[in-house]
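The values are calculated or read from the model by the stated rules, or taken from the named source; none is laboratory data. Source: prediction; values computed, not measured. Neighbour counts run over all protein chains shown; Cβ positions are idealised from the backbone, glycine included. Keep in mind that these areas ignore ligands, DNA and RNA; they rest on the heavy atoms of the full protein, side chains included. Shrake-Rupley method; radii C 1.70, N 1.55, O 1.52, S 1.80 Å.
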Amino acid sequence: MTDPKITPSVLVQVEPDNPAPIGDQIYANLRSSILEGVLTGGSRLPSGRALAAQLGVARGTIRVAYDRLAAEGLIFGAGSAGTKVSSKLPPQPLEHEELWDRPLAGFTRPYSSFPLPFQVGVPAHDAFPTKVWERMRSRAVRTDALSYTTYADPRGEPELRKQIASHLAVSRQIQCHPDQIIVTSGYRQGLTLTLMALQAKGRKVWLEEPGYPLGRRALELAGLTVVPIPVDMEGINVEIGIAQAADALIALVTPGQQAPLGVTLSSNRRRDLLKWARTQNAWIVEDDYLGELQLDGRAKSALASGDGAERVIHIGTFSKTMSPSLGLGFMVVPKLVTEKFVEIAAVMLPAPNRTTQLAMAEFLADGHFLRHLRQMKDLYFVRREKAMTHLSKSFPQIKESGLGLIAFCSETVDDVMLVAAAREQGLAPSPLSSWYITANNKRGLILSITNLNTNNIANACGTLNDVIEAQIKA
Ligand SMILES: Cc1ncc(COP(=O)(O)O)c(C=O)c1O
């Protein structure tokens, strides 16, 4: 029996205008012919020399393409019978419809997309220190490429941990050893590590009401019983917490600037919360998502500073101060439990990408981070003032909160519908009601001002005013 010989011109079409290298085109052509069944198992490919002559390319180019196909198991060398298409093709990735139907729809926008006006939780896109960061990262890529091919420290790079410890001492008054710091991919990893280390599954956790919805979902997924504790002008109401669940293992709080209401935990409440944790052997998880990025006055020191810090797990992130796309955060763990946390980091949740860590270490060491924060505070302050001026007519009950505003609405307003209408106009506020667990009459819009700049602020606020007017009249 003779092998079906294939004419080269049938197989491969090289397009001179195609910007892809010729070798890649040859490889891709052959590959799709094989996968689509145009070339069937056992078919013999032309010799490298014949195909090279036919296409007017070097024989080496054909060899490289054939080698790639052979490495994928699509063709094989059959000795004197030449090169043949494999009879049994290796499995290929499935082409499928979307399998994940976004259980958090409404809270998260499509990932890696351009930030929209009023979008909560993302810093200013137009103020990222691109040039300096690019420089630091390029240097870090080189350093990393030259490093040993061994495992990196699962706690994070020593230099970064040292820089974070120094920074926290100045900015958050936290006095800790760099060995108490674990570098993470952000808040979510910090929280996961904490819940594992504290063996929290099945236990109760106090959660601020209202509170960060994705944090709540994380607690539910980790098998904790969430006990919503109301927040008032002094922050979480510790007395109610004790009355409702004194035996909780954890209180998860945002004491610096409560998310989303923006209030700072009062001194009395701080004292009561720390006392509860001490007497109950409970833990306070301090979600310090904004760190010292506070627009009004100086940020109060962290809960993890001073007396009682031995019951506080402090979780920080660079998502708001720099960018969530870096995927970088950190935590400060009390000395007594450091070993447990580090063990989990080492075997399950190691610190992320070393290159980003090295770049951030240099960014901190050279003073760029502090400078950037100062600039962001000034910038956001101005943006918030301007937004307030634009919006206060449509929203008489509007208040400053963190890096944004909360526009409280009357209880008859459906804030989820309002947000849907705003989304249609390219705006991304968040509905206040979704930040509550218990049914109540709180309605409003959470409006981040970080991405309102001189080019879009008037338009974005004008459109939002129109949306509210249309909805309220309807
Ligand atoms: C209150 C709060 N905590 C934590 C985070 C998330 O931080 P990370 O990006 O580090 O997971 C956010 C993000 O919006 C937040 O609003």
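Structure notes:
- Selection status of GLY215, within 12 Å of the ligand (Cβ to nearest atom), in a helix (DSSP H, G or I) and closer than 24 Å to VAL263 by Cβ: yes
- Those residues of segment 31-62 which are free of Cβ contacts under 8 Å to residues at least 40 places away in the same chain and open to solvent by less than 30 Å² (accessible area, probe 1.4 Å), in sequence order: SER33, GLY48, ALA52, GLY60, ILE62
- Residue, surrounded by the fewest Cβ atoms within 10 Å (Cβ to Cβ), within segment 276-295, restricted to residues that are part of a loop (DSSP other than H, G, I, E, B) and within 16 Å of the ligand (Cβ to nearest atom): GLN294
For (1) open to solvent by less than 30 Å² (accessible area, probe 1.4 Å); (2) free of Cβ contacts under 8 Å to residues at least 60 places away in the same chain; (3) in a helix (DSSP H, G or I), each residue gets a yes or a no:
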{"residue": "ALA346", "(1), (2), (3)": "no, no, yes"}
{"residue": "GLN357", "(1), (2), (3)": "yes, no, yes"}
{"residue": "ASP378", "(1), (2), (3)": "no, yes, yes"}
{"residue": "ARG384", "(1), (2), (3)": "yes, no, yes"}
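- The single residue among GLN257, GLN199 that is modelled with pLDDT of 95 or more, more than 24 Å from the chain's Cα centre (by Cα) and in the same structural domain as GLU362 (by TED's automatic domain parsing) turns out to be GLN199.
- If you filter segment 170-201 down to residues that are within 16 Å of the ligand (Cβ to nearest atom) and charged (D, E, K, R), you find that the one that is surrounded by the fewest Cβ atoms within 10 Å (Cβ to Cβ) is ARG188.
- Options SER113, SER138, SER166, SER147; residue that is more than 16 Å from the ligand (Cβ to nearest atom), in a loop (DSSP other than H, G, I, E, B) and either among the polar types (S, T, N, Q) or outside the structural domain of GLN244 (by TED's automatic domain parsing) (or both): SER147
- Lone qualifier among VAL238, VAL205 - being out of contact with any strand residue (DSSP E or B) (no Cβ under 6 Å at 6 or more places or on another chain), over 23 Å from GLY121 (Cα atoms) and buried (at least 21 other Cβ atoms within 10 Å of the Cβ): VAL238
- Matching residues in segment 296-336 - criterion: being under 18 Å from THR279 (Cα atoms) and either out of contact with any Asp or Glu (no Cβ under 9 Å at 6 or more places or on another chain) or within 10 Å of the ligand (Cβ to nearest atom) (or both): GLY306, ASP307, GLY308, ALA309, GLU310, ARG311
- In segment 171-186, the residues that are free of Cβ contacts under 8 Å to residues at least 24 places away in the same chain form no Cβ pair under 6 Å with any partner that is open to solvent by 10 Å² or more (accessible area, probe 1.4 Å) and within 14 Å of the ligand (Cβ to nearest atom), whether six or more places apart or across chains.
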